[in-house]
Amino acid sequence: MSNIKSAFNNGKAFIPFITCGDPDLETTAACVRAAAENGADLIELGIPFSDPTAEGPVIQGANIRALNGGVTTDKIFDFVREIRKDIKIPMVFMTYSNVVFSYGSDKFISTCKEIGIDGIILPDLPFEEKEEFLPQCRKYGVDLISLIAPTSNDRIAMIAKEAEGFLYIVSSLGVTGTRSKITTDLSSIVDIVRQNTNIPCAIGFGISTPEQAKKMSDISDGAIIGSAIIKIIEKYGKDAPKYISQYVKEMKSAMN
C-alpha cells in the first residue's frame, strides 16, 4: 500500500505533471519544489519517451527537449533520490510500457520503491494487459494506476473495482493538451466509479484554467494539469519555478 491516499486528505487534490529533464533536471527539481511548496498534493513525473502516443504537441515537445538534453531513466532515478530528501508528498511516474519493459520491469519497479515513487501510470497499457507489470507492482508496493477514458463504457465498473492508488479519469478523447471546453459527461463516469470503489479519482487532460480545475474537482477528488505547466516551463525555462509557484497557488485556491 503506497502513500497516495494521503494526497487526497487536504481537500481536493491538485496534481501537476512535470516532464523530467525539460529543460534540465536542475530546473525540474526547482519546479517540483515550487509546486510542492505552493499546494500540490501529488506530483506526476514524466519519464521522457521517444514516441509518447498519449501526448499532444506540448508534452511531445518536452519529451524531445529532455531526450536531446541527455536525460536517461537512471539519471531520473538519481534525481528522485535527491529531491526525496525534502519532498514528502506522494510522487508517481508517468511513462510508457516500453520504458519499463526495456529497463527490466522488476528492476524498474523495485527501484521505484527504493527511491520513494508511490505509483506508475502507463497510458499505453490496456487494462486487460496489466498483468504484464502488476505482479512486480504488488511485490514492491508500488501502485499501478489505471486510466478510465470516455470510451471505457461498460469497462468502467471493472476497472474501478480493481483500482489502486487513485483512478485517472481522462476528460476527453484524443491526446493531452489544453482545451477551451470539456464536453464529456464526466459526472456519470464518476458515479459508476463511486459505486464500485472507495479509491479516489482525479480528472486530467485539457484542464488549464482555475475555472476548469474547480469544475473538474467539484465532480471528482482532484484535477491533474500537465500541458499548461509544461507551457510555463517552455516559455520561461530556468525562470519557470517562480511562475509555477503562482500558477499552482491559484489553481489549488480555486479548487478549494
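The values are calculated or read from the model by the stated rules, or taken from the named source; none is laboratory data. Worth saying up front: this structure is predicted, and the values here are computed from it rather than measured. Ideal geometry is used to build each Cβ from the backbone, glycine not excepted, and the neighbour counts take in all protein chains shown.
Scanning the stretch 6-45 for residues being touching a residue at least 60 places away in the same chain (Cβ under 8 Å), small (Gly, Ala, Ser) and not in a loop (DSSP other than H, G, I, E, B) gives a total of 6.
What do you reckon, is Ile233 at pLDDT 95 or above, part of a helix (DSSP H, G or I) and touching a helix residue (DSSP H, G or I) at 6+ places or on another chain (Cβ under 7 Å)? Yes; evaluated as a whole, the condition is true for this residue. Being closer than 17 Å to Glu234 by Cβ, surrounded by 20 or more Cβ atoms within 10 Å (Cβ to Cβ) and at pLDDT below 95 is a property that holds for Ile59.
Could you tell me whether the stretch 7-21 includes any residue that is in contact with a helix residue (DSSP H, G or I) (Cβ under 8 Å, 6 or more places away or on another chain), small (Gly, Ala, Ser) and farther than 24 Å from Lys113 by Cα? Yes, the stretch 7-21 has at least one match.
Please determine, by comparing only the residues of the stretch 202-247 that are under 16 Å from Lys12 (Cα atoms), more than 15 Å from the chain's Cα centre (by Cα) and among the β-branched types (Val, Ile, Thr), which one is surrounded by the most Cβ atoms within 10 Å (Cβ to Cβ). Only one residue tops the list, namely Ile219. Restricting attention to the stretch 136-148 and to residues that are over 14 Å from the mean Cα position of the chain (by Cα) and under 13 Å from Ile121 (Cβ atoms), the residue that is surrounded by the most Cβ atoms within 10 Å (Cβ to Cβ) turns out to be Val142. The residue pairs whose first member lies in the stretch 69-82 and is more than 18 Å from Tyr96 (Cα to Cα), whose second member is basic (Lys, Arg) and assigned to a helix (DSSP H, G or I), and whose beta carbons are closer than 9 Å, counting only pairs six or more residues apart or on different chains, do not exist in this structure.
Among the residues of the stretch 157-192, just one is over 15 Å from Ser220 (Cα atoms), of a type in the set (Val, Ile, Thr) and at pLDDT 85 or above, namely Ile159.
For Asp51, the test of being in contact with a strand residue (DSSP E or B) (Cβ under 6 Å, 6 or more places away or on another chain), part of a loop (DSSP other than H, G, I, E, B) and touching a residue at least 24 places away in the same chain (Cβ under 8 Å) is failed.
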